[in-house]
Each structure stands twice: as C-alpha cells, then as structure tokens.
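**Q** Quick one: this structure, given as structure tokens, is what I'll be asking you about.
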Amino acid sequence: MSSPSAVTDQVAVHVFGGPTALFEYGGLRFLTDPTFDGPGDFQAPAVVLTKTAPSAAAPADLGPIDVVLLSHDEHADNLDTSGRAMLADVPLTLTTPGGGQRLGEKATGLADWQSVELDRPDGGTVTVTGVPAVHGPGTRHEVEPICGEVVGFVLTGEGLPTVYVSGDNASLDAVEEIAGRFAPVDTAILFAGAPRFAEVFDGRVIVLDSAMAAEAARLLGARRVVPVHYDSWAHFTEGRAELEAAFAAAAMADRLDWGQRP
C-alpha cells in the first residue's frame, strides 16, 4: 500500500480555480471541468451564476490535454464558453450519457459503473469508470429534473494509485457506494464549496459542504484529498477556512492537499 507522500509524488494535481484541475496519470493528461471565462454573470436554467475571480490559467497555458473529465455540461461553473471551445482540441471528453449526445463525436457518455480503457503511452491501459453523483439533496429522481445529470469518475491502472473525481455530488450515499467498490482511494479530488441558492431546494447544499467532504474522505479511506469547486463563484458558501476546520475536526487535516497553482 502506497504511503501518502508516495501518492503525492505520483499524481501532482494542478488547480486553476473553480472545478478545474489538471493531473497526469499513467502518462495521460486529464483535465476536470474546464472553466476559463473571466468574471461575470452566467444564466443557468433556474438561477444566475456569478463568477467572482478569473482562472489562474488560460487553455493555451496548459499544453496538450488527452482527456477531459466533465461532470456535466449544463452549468457554466462546470463548462463555460472558453472551456466548451477547448473541447474541440481534446481527443476525448468523458461525461454524462446526455452530455455525450450533446457534445458531439469526441464526447463519450458514461453511465454508472460503465468503464472505458485508455491506452497508456508506454504500454498498458488506464481504466476510467463512471460513478454515481447527485447534484443536490435527495434522490436522483428528485434532483435531476432541477439540476441535471452528473457523473463522477474513478481512475485505476496496474501499478497506479486509485484516483476519484467526485464531480458535483452532494450524496454521501453515492460516496459510500463508490467506496464499497474502490476503497481505499489514494487521491480524492472532491468538489466542495457548499453551493446554495435560495431558489433551489430551499437553500440546501447542492454539492458537498466541508463536513460532508471530510466524511466522504473517511468513507473512501482517502489518503489525500484535493478540494476543488470552492472558490471563484458567488454561490459557494464555504471555502478553504471551512474545509480546513472540518478536516481538523475529523482528525484528517494531514490528508488535505491544496494542489499546485501556477
């Protein structure tokens, strides 16, 4: 079993603000939910999303991307205009089944527990498995008509650590189900921030809050947690300080890794 320091050395995670992170895994370069537009207002189906800070990088700064892991394509805080444009230059986007239909031939939708195998440059494969995510409080049946379909991802490969990317998930039941198949996880990239809207679900969180993120880490047996999706947007109600406090309260402060910034 790998030590936390060894895992950190194996998978460096570069964070750019919001849900966007870049990491190399098995010789392939993966990017999560690309958002590179400047600050401003973005209309969503039920609410207005306000971006408050620019991304720490532009698409041209990143170099070639092999795979985009897109939790969903319907909200600008997960895929904005600049992010959508860059998909044309990426060989493969993995996303929800609906997103796979909307985004064209370079996109592949993954249902829960559906996997794809990607060839590694030096031989072997990386397996990416779509895993459950619920973008709000309650069941998928209750949530998806309002917030849409979301997918998370688990990456595995021979000789590689297990990486979990949660996507916009607010369900600890989903995390427990994922843990039942994949725990312990080496690196969990957890979307957090406790986003809320008074107009949606009576202001209840639609992605993990800080205490839930700590509980998700416990359920997953995560050796390292890289939080994303907690800054740069007005609807995030908890940030770094709340995450640090929650992980300290759970005696897991040493598992937090804030990623590498440009």
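Taken together, the values in this text are just the output of simple stated rules run on the coordinates, not laboratory data. Fair warning: this is a prediction, and the values are worked out from it, not measured in the lab. Reconstructed Cβ throughout: ideal geometry from the backbone, glycine too, with neighbour counts over all protein chains shown.
**Q** Here are the criteria: (1) among the small types (Gly, Ala, Ser); (2) free of Cβ contacts under 8 Å to residues at least 12 places away in the same chain; (3) within 25 Å of THR127 (Cα to Cα). Tell me which single one ALA198 does not satisfy.
**A** (3)
**Q** Being on the phi > 0 side of the Ramachandran plot, in contact with a helix residue (DSSP H, G or I) (Cβ under 7 Å, 6 or more places away or on another chain) and in contact (Cβ under 8 Å) with a residue 60 or more places away in the chain narrows it down to one residue among GLY124, GLY136, GLY167; which is it? Steps first, answer last, please.
**A** Numbers: GLY124 fails: in contact with a helix residue (DSSP H, G or I) (Cβ under 7 Å, 6 or more places away or on another chain); GLY167 fails: in contact with a helix residue (DSSP H, G or I) (Cβ under 7 Å, 6 or more places away or on another chain).
From the options GLY124, GLY136, GLY167, the qualifying one is GLY136.
**Q** Still on this structure, I have one more. Kindly indicate which of LEU94, LEU49, LEU87, LEU22 is touching a residue at least 40 places away in the same chain (Cβ under 8 Å) and either surrounded by fewer than 16 Cβ atoms within 10 Å (Cβ to Cβ) or closer than 20 Å to ILE178 by Cβ (or both). Explain how you work it out, then say what you get.
**A** Working: LEU49 fails: either surrounded by fewer than 16 Cβ atoms within 10 Å (Cβ to Cβ) or closer than 20 Å to ILE178 by Cβ (or both); LEU87 fails: either surrounded by fewer than 16 Cβ atoms within 10 Å (Cβ to Cβ) or closer than 20 Å to ILE178 by Cβ (or both); LEU22 fails: either surrounded by fewer than 16 Cβ atoms within 10 Å (Cβ to Cβ) or closer than 20 Å to ILE178 by Cβ (or both).
Selected residue: LEU94, the only one of LEU94, LEU49, LEU87, LEU22 that is touching a residue at least 40 places away in the same chain (Cβ under 8 Å) and either surrounded by fewer than 16 Cβ atoms within 10 Å (Cβ to Cβ) or closer than 20 Å to ILE178 by Cβ (or both).
**Q** Just need a number here: residues in region 69-112 that are among the basic types (Lys, Arg) and farther than 18 Å from ARG29 by Cα.
**A** The qualifying residues number 1.
**Q** Tell me which residues, restricted to region 48-86, are in a loop (DSSP other than H, G, I, E, B) and hydrophobic (A, V, I, L, M, F, W, C).
**A** So in region 48-86, the residues in a loop (DSSP other than H, G, I, E, B) come out as 52-58, 62-66, 70-80.
Passing the criteria: ALA53, ALA56, ALA57, ALA58, LEU62, ILE65, LEU70, ALA76, LEU79.
**Q** Could you list, ordered by first residue, the pairs with Cβ atoms under 9 Å in which the first is in region 238-262 and assigned to a loop (DSSP other than H, G, I, E, B) and the second is of a type in the set (A, V, I, L, M, F, W, C) and surrounded by fewer than 17 Cβ atoms within 10 Å (Cβ to Cβ), at least 6 apart or interchain?
**A** GLY259/ALA12; ARG261/ALA56; PRO262/ALA56
**Q** Condition check: farther than 20 Å from ASP33 by Cα, crowded, with 21+ Cβ neighbours inside 10 Å and without any contact (Cβ under 8 Å) to a residue 60 or more places away in the chain. Does ALA211 satisfy that?
**A** Details: farther than 20 Å from ASP33 by Cα: yes; crowded, with 21+ Cβ neighbours inside 10 Å: no; without any contact (Cβ under 8 Å) to a residue 60 or more places away in the chain: yes.
Criteria not met by ALA211.
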